[in-house]
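Nothing in this text is a laboratory measurement; each read-out follows from the coordinates by a stated rule. Because the structure is a prediction, the values reported are computed rather than measured. Glycine gets a Cβ as well: all are built from the backbone with ideal geometry, and neighbour counts include every protein chain shown.
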Amino acid sequence: MTDNIILRCEGVNKLYKQGEETIYALRDVSMTVRRGEFLVLYGRSGSGKSTLLNVLSGFDTPTAGKVHIDGQDMEGMNDRQRAKLRNEKIGFVFQSYHLLPILTARENILSPLLIGKRPIDEGYFRDLCETLGITSRLEHLPSELSGGECQRVAVARAMIGRPAVLFADEPTGNLDKRSAGELIRLLKQAHEVYGQTIVMVTHDETLLEYGDRVYRMENGTPVLV
């Protein structure tokens, strides 16, 4: 693996049995993601794009094939090892914020580091919060924040551990047009300011312009656009 490749999968298949029928969710997928790249996967529902994202991020295991992230091979890892890799190497932005309601914005952002018992870089934390415009809201609970502020906290939480790759699964799927535009701008800001590698799944063709590279999922196989 070259130094510029942060994520690689080789010959990845994901099969499901439905009675006597075999369903291919992913079919012989081989691809790479370069360090600092914003890669977009798009396609209709059922095309396999979210399945691929789950396999690449270690939330699911392939039926066959290999996935490497930041030089680590996920093949053969047990659940604890995968959880450790996700904590150290992966950030995730979901359709919903998934903020813990009993924690302040500060505590939500820092939770991946606290769970992983990793040191907190206070300088980076302050810079990240200032960049995302949430410094004055850090001691508030999610219920006291606007939707846009919750978005910003969720992005900060995904980035606080300086992940090798930030994954975004249909991040605008449940948002109105204005909120969706704000979230995409935040991701683009993370990409441009911090050089964050991002892999985003979407069904919205208006978001394709944000990708350095765009793949269209067709029957479980990504096709470069």
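Remarks
- The gain in end-to-end length when the R27 to L15 segment is fully stretched comes to 3.5 nm, 0.36 nm per residue minus the alpha carbon separation.
- Cα shape, segment 97-165, gyration tensor, a/c 1.5 rule: prolate
- Just checking the listed ones, G147, G36, G19: in the Gaussian network model of the chain with Cα springs under 10 Å, the one fluctuating most is G19.
- Expressed per residue, the C-alpha convex hull volume of segment 107-225 stands at 127 Å³.
- Counted by Cβ distance under 15 Å from M31, the other residues give a net charge of +4, where Lys and Arg count +1 and Asp and Glu count -1.
- log10 of Debye I(q)/I(0), alpha-carbon scatterers only, for segment 19-139 at 0.12, 0.15, 0.21 Å⁻¹: -0.62, -0.91, -1.35
- 222 nm mean residue ellipticity, helices alone, for the chain (DSSP H n ≥ 4; -39,500 (n - 2.57); rounded to 500): -10000 deg cm²/dmol
- Nearest-ten-degree value, helix 147-159 long axis tilted from longest Cα axis of the chain: 70 degrees
- Candidates V55, V193, V93: whichever shows maximal mean-square fluctuation once the chain is modelled as a Gaussian network with Cα springs under 10 Å: V193
- Computed over the chain with a Gaussian network model linking Cα atoms closer than 10 Å, the most mobile of I102, I134, I198 is I102.
- Coarse-grained scattering of the chain at q = 0.08, 0.12 Å⁻¹, given as base-10 log I(q)/I(0) from a Debye sum over alpha-carbon atoms: -0.29, -0.65
- The chain - share of DSSP beta bridges that are antiparallel (%, nearest 5): 55 percent
- All lysines inside 24 Å of K14 as judged from Cα atoms, apart from same-chain residues fewer than 8 positions distant: K49, K66, K84, K89
- For segment 121-135, the Karplus equation 6.51 cos²θ - 1.76 cosθ + 1.60, evaluated at θ = phi - 60°, returns couplings of 8, 4, x, 5, 4, 5, 5, 5, 5, 5, 4, 8, x, 10, 4 Hz by residue, with Gly and Pro reported as x.
- Projected over all directions and averaged, the alpha-carbon convex hull of segment 61-130 occupies 6.6 nm².
- Difference of contour (0.36 nm per residue) and Cα-Cα distance, K66 to E144: 23.7 nm
- Folded to 0 to 90 degrees: helix 79-89 orientation relative to the chain principal axis, Cα: 60 degrees
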